[in-house]
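One structure is given here, and the rest of the page talks about it.
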Amino acid sequence: MSAATGETLAVRGLRKSFGPVRAVDGADFDVPAGTICALLGPSGCGKTTTLRLIAGLERADAGTISLGDRELNGPGTFVPPERRRIGMVFQDYALFPHMDVAGNVGYGLGRNPDPERVRETLALVGLEAEARRPVHELSGGQQQRVALARALAPTPDLVLLDEPFSNLDASMRERLREEVRAILADSGVTALFVTHDQEEALSIADRVAVMREGRIEQVGTPEEIYSRPATRWMAEFIGEIEVLPGEASGGRARCVLGTLPADSGVEGPVDVLVRPESVAIGLHGPQGSPTATVVSRKFYGHDQLLELELSTGERLRSRRLGFPQWHPGDRVQVWIEGPADVLARDGG
């Protein structure tokens, strides 16, 4: 099957209100051609409304939406959904129960679907052998792949997916994530999917756009989003974080766990943001490392989460491999070993 060629999505100043509620409040982000982007955020932040505005299912109050060199939404411009060259996978899949698998996929191709294109698309999603099965006989994961095939069949410039894994049980969800990512990558299409699941966003996407109260808080690779949060809110929203008070001057920041680099423009009171996996412990740490007592331990097999109490009374967490084993009452030294971020105290 020949790969589709996706186009770059550009969203600028997007706004949408429903009565007094401003659902989208000046959102700005790009999805480069051929990449998979997650639109991540808490419930009610405007993610699904943004998706519907891009699809043309809602009209924006202001802002522009462009796909490649085509403007889909802007002052005096509104391209209807059927002319946007956008495929959409709905949260409930929206399959037609009276049609078989091939019929559902062919529906996306119009009144006279090309059987060869239907076969190619079903092969892409691994369902060629199920072409004549009624969709109600399929598992949830298979139905999801049918919905994805229907969206990909017309070779769209962009595919939108709204919470694509929310209807699946936990064991199937992880397997389907890998399958859907591989299918989208093989197709070459640009993809944007909405999710509130951080693990889902970080594991599937090439880029992550984090949304908060109708605005984009930060855009970057999963590694950048996780390791270099732009604000304290971002750091606390994505994964676990320890926030240590510190003082910065001359490109260095000092906190209870030692001294680390800081941006040259950051001076005065700061928050040092450290993931638990960057908090190292041992019987003998670097010179000057503070001592702490292990207060509690949660053992997960592959790793363990320890709560530590420093001699100052401050508590923080350390995530270590499952060995060596640590136990409550152990005395250890503590230091930072891994990514840490320094933000001005008013930066979050």
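The table that follows gives values for the structure above.
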read-out: Förster radius 22 Å - calculated FRET efficiency between residue 254 and residue 228, Cβ distance, rounded to 0.05; value: 0.65
read-out: Karplus 3J(HN,Hα) series, Hz, for segment 236-246 with 6.51 cos²θ - 1.76 cosθ + 1.60 (x for Gly, Pro); value: 7, 6, 8, x, 8, 8, 10, 10, 10, x, x
read-out: Value at 222 nm in deg cm²/dmol, rounded to 500, when DSSP H runs of n ≥ 4 in the chain each add -39,500 (n - 2.57); value: -6500 deg cm²/dmol
read-out: Order of exposure, largest accessible area first, which applies to 275, 320 with probe 1.4 Å; value: 320, 275
read-out: Three-way shape label, segment 31-74, alpha-carbon gyration tensor, a/c 1.5; value: oblate
read-out: Heavy-atom accessible area order for 93, 107, 226, largest first, 1.4 Å probe; value: 107, 226, 93
read-out: Trypsin sites (Lys or Arg not before Pro) restricted to DSSP loop in segment 9-65 with at most 11 other C-beta within 10 Å; value: 59
read-out: Vicinal HN-Hα couplings computed from phi for segment 150-162 (Karplus, 6.51 cos²θ - 1.76 cosθ + 1.60; Hz; Gly/Pro x); value: 4, 5, 7, 4, x, 6, x, 7, 8, 10, 10, 10, 9
read-out: Percent RCO, i.e. relative contact order, over the chain, from Cα pairs under 8 Å lying at least 6 residues apart; value: 17
read-out: Under 15 Å, Cβ to Cβ, from residue 11 - net charge with Lys/Arg +1 and Asp/Glu -1; value: +1
read-out: Long-range HN-HN contacts of residue 23 with modeled amide H, under 5 Å; value: 16, 17, 18
read-out: Distance (nanometres) between label positions extended 7 Å along Cα→Cβ at residue 167 and residue 197; value: 1.4
read-out: Nearest-0.05 FRET efficiency for residue 331 and residue 30, computed from C-beta distance (R0 41 Å); value: 0.20
read-out: Hydrodynamic radius (Kirkwood) for segment 1-57, which is based on Cα pairs only, to one decimal in Å; value: 12.8
read-out: Potential lengthening between residue 310 and residue 59 on full extension [0.36 nm per residue; Cα-Cα distance subtracted]; value: 84.9 nm
read-out: Segment 44-64 residues near the modelled residue 78 label - backbone nitrogen below 17 Å, point 7 Å along Cα→Cβ; value: 49-64
read-out: Reference-scaled alpha-carbon Rg (2.2 N^0.38 Å with N residues) for segment 70-142; value: 1.33
read-out: Label selected from (1) 24.1, 75; (2) 19.7, 61; (3) 20.2, 67, the criterion being Rg and Dmax of the Cα atoms in Å as computed here; value: (1)
read-out: Sulfur and carbon atoms: percent of accessible area, the chain [1.4 Å]; value: 49
read-out: Contour excess over end-to-end distance, with Cα ends at residue 21 and residue 129 and 0.36 nm allotted per residue; value: 34.1 nm
read-out: Compactness relative to 2.2 N^0.38 Å, alpha carbon Rg of segment 207-299; value: 1.25
read-out: Base-10 log of normalised Debye intensity for segment 1-130 (one unit scatterer per alpha-carbon) at q = 0.18 Å⁻¹; value: -1.09
read-out: For the chain, accessible area per residue (1.4 Å probe, heavy atoms of protein chains only), Å²; value: 46
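The values are calculated or read from the model by the stated rules, or taken from the named source; none is laboratory data. All figures in this text were calculated on a predicted structure; none of them were measured in a lab. Quick reminder, even Gly has a Cβ in these numbers, built from the backbone with ideal geometry, and neighbours come from all protein chains shown. These accessible areas exclude ligands, DNA and RNA; they are computed on the full protein's heavy atoms, side chains included. Shrake-Rupley method; radii C 1.70, N 1.55, O 1.52, S 1.80 Å.
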